[in-house]
1. Quick one: ASP128 ticks every box in (1) of a type in the set (Asp, Glu); (2) in contact (Cβ under 8 Å) with a residue 40 or more places away in the chain; (3) assigned to a helix (DSSP H, G or I) except a single one, so which number is it?
2. Which one of these is modelled with pLDDT under 90 and either among the aliphatic types (A, V, I, L, M) or more than 19 Å from LEU16 (Cα to Cα) (or both): GLU139, GLU99?
3. Within the range 40-95, count every residue that is over 20 Å from ASN123 (Cα atoms) and open to solvent by 20 Å² or more (accessible area, probe 1.4 Å).
4. Please go through the range 62-100 and pick out each residue that is under 11 Å from the mean Cα position of the chain (by Cα), in a loop (DSSP other than H, G, I, E, B) and under 17 Å from ASP148 (Cα atoms).
5. I'd like to check something: does the range 28-41 contain any residue that is of a type in the set (Asp, Glu) and within 19 Å of ILE108 (Cβ to Cβ)?
6. Need the failing condition index for VAL31 against (1) within 30 Å of ARG136 (Cα to Cα); (2) touching a residue at least 60 places away in the same chain (Cβ under 8 Å); (3) in contact with a Phe, Trp or Tyr (Cβ under 8 Å, 6 or more places away or on another chain), just the number.
7. Identify all residues within the range 107-142 that are touching a strand residue (DSSP E or B) at 6+ places or on another chain (Cβ under 6 Å) and farther than 18 Å from ARG63 by Cβ; write none if there are none.
Amino acid sequence: MKNINAILSIYSSKKLTPLLGKNFHKTTPKVVAEKINPLYCWFGDIYYLDRKKYLIFCNAKTRVIFMIGPYQVDNKIHFMNIFHDQLKKHLSKFFADPENYFEKVEDIGYLEKPDKGATAFLNRVKEDLNYSKAYRKSEGNQMKLPEDFEIMFERYPISIKGKFFSQKIDS
């Protein structure tokens, strides 16, 4: 059996990479996705709305997505601290104690290669956001992020090996 590590890692698109800050690139080791538990591999891209930047992250295995934004680079704070806090906040919507997820984290890492499925999913999410933005504009409204993102994708179906789930757990 392969040695699978619980390394909280991200892959960033070319547009997102500069927004991660200097500390991220200096101190975060590069890792290989095949050696990491896929539940800890996150893939990110950027979405622009009204000249503001919003970061969108997706897990390749579960297709769970979340947004950070509006976002500006802060070189005083390591990006993985921001990522960790926002992911914890998002996971708290699903789990009573998201700390269980983070207890297993051994280290942090930077993925060098994209995941085709996660990349395609993020592109589809951005297309959906563009469609919603255009629709709301035609209705005389303006899309508000991240609030509208949460509403749009809280019931977004995700699938694992053909079984469909919802990101929102109804109480």
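The values are calculated or read from the model by the stated rules, or taken from the named source; none is laboratory data. Please read all numbers here as calculations on a predicted model, not as lab measurements. Note that each Cβ is placed from the backbone with ideal geometry, even for glycine, and that neighbours are counted across all protein chains shown. We work out accessible area using only protein heavy atoms, side chains counted, and drop any ligands, DNA or RNA first. Shrake-Rupley method; radii C 1.70, N 1.55, O 1.52, S 1.80 Å.
1. (2)
2. When all the criteria are applied, what remains is GLU99.
3. 18
4. VAL64, the sole residue that qualifies.
5. yes
6. Result: VAL31 fails condition (1) only.
7. ASP107, ILE108, GLY109, TYR110, GLU112
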